[in-house]
Amino acid sequence: MTTTTVRFREGAGRVCLDFIRTLRYRGTPDATEELPDGAAVAAWVRQCGPCPLDVASESADAGRARELREAVHALIIAAVRTGDPAACGDDARHRVNRAAAAPVPVPALDASGRIRWAADDPVTATLALIARDALDLVTSAAVTRVRECADPRCGALFLDQSRPGTRRWCSMDTCGNRAKKTTLRARRSGSQAAVTEV
């Protein structure tokens, strides 16, 4: 039996921001759900979380994970746009608080000198880690560095860690590169139109 490795996007600057990227192209007609079932949630935890997962975790509750994702998104958007994370509403706030109350993964140093992370329920523990990260982000100065990608088709949030704080794209490899190509094409079209008119 061949298993397909799902590649989730990382690099948003915080684990909570990477997690909310699992609804790709949020708010557009091309919105794509990357967590349709428990196997996909387990794959995300396996790729992006600290704990190893066994096969039993394939039965992760995808509905619960998506509900937390949307609550985290609402919390962060409220903090970014209004300066008040509690403006996300009671339901989102309670959902994030409940998830954050669960035990998180714990570290242990193994015989080879490496940190190994463990949890009785790696999926729930990773969701707790995400919720705690979101709460930390929206109540810290770092929230002023959260940006929405300038590509209107993207919808991703990211933490701008550039020195001047002027980063516009969630990724230069995708959205930034696409914008550069569009600008270049427009310039070329304009130059060719000018030559034709002469």
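Only the coordinates and a few stated rules stand behind these numbers; no lab work does. None of the values given here were measured: they were computed from a predicted structure. As a convention, Cβ positions derive from the backbone with ideal geometry for all residues, glycine included, and neighbour counts pool all protein chains shown.
Using R₀ = 35 Å, calculate the FRET efficiency as 1/(1 + (r/R₀)^6) where r is the Cβ-Cβ separation of ALA150 and ALA87; round to 0.05.
Efficiency, rounded to the nearest 0.05: 0.90.
Using modelled backbone amide H atoms (1.01 Å from N, in-plane), which distant-in-sequence or interchain residues come within less than 5 Å of ARG14's amide H?
It is LEU159, by chain and number.
For segment 126-174, rounded, prolate or oblate, judged on the Cα gyration tensor with a ≥ b ≥ c (square roots of eigenvalues), a/c < 1.5 rounded, else prolate if a/b > b/c? It would help to have the intermediate numbers written out before the result.
On the way: a/c = 2.50, a/b = 1.50, b/c = 1.67.
Because a/c hits 1.5 or more and a/b fails to exceed b/c, segment 126-174 counts as oblate.
For segment 107-179, what is the charge dipole size about the Cα centre, in debye to the nearest 20, if Lys and Arg each add +1 at the Cβ and Asp and Glu each add -1 at the Cβ?
Result for segment 107-179 is approximately 400 debye, rounded to the nearest 20.
Given 0.36 nm per residue, what is the gain on full extension from THR166 to SER112 after removing their alpha carbon distance, in nm?
The THR166-SER112 span can extend by a further 15.2 nm.
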